[in-house]
Amino acid sequence: MRVMGAETEYGIHAPSAPGANATMMSARVVQAYAQVTRQRAAGGAETRWDYTDEEPLHDARGWTLERGAAHP
C-alpha cells in the first residue's frame, strides 16, 4: 500500500517590492478574506483555521518524531 497526499499551496510574490515580507503579505490576504466573509456572513459564521487534524510530529508515512527531539 502506498500512502499519498495531495495539497495545494499558493505563494505570494510582490515583484515591485523585493524587500516585502511574504509572511506579512500572506497574513494580510487572509485578514482581507476574513473581513469580506465577515461582512457577508450572518451571526459570525466567518471562515476559521482548523488545525484539529494536524499532528506536526507525525507524518502520513508513519514516522513519528519524539517531542524532545523536535526543534521548537
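The values are calculated or read from the model by the stated rules, or taken from the named source; none is laboratory data. Please read all numbers here as calculations on a predicted model, not as lab measurements. We place every Cβ from the backbone using ideal geometry, glycine too, and count neighbours over all the protein chains shown.
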Taking segment 1-43 only, how many residues are modelled with pLDDT of 75 or more and aliphatic (A, V, I, L, M)? 13
Take the conditions at pLDDT below 85 and either in contact with a strand residue (DSSP E or B) (Cβ under 9 Å, 6 or more places away or on another chain) or of a type in the set (S, T, Y) (or both) and apply them to E46. Does it pass? no
Look at A69 and say whether it is at pLDDT 85 or above, aliphatic (A, V, I, L, M) and surrounded by fewer than 10 Cβ atoms within 10 Å (Cβ to Cβ). yes
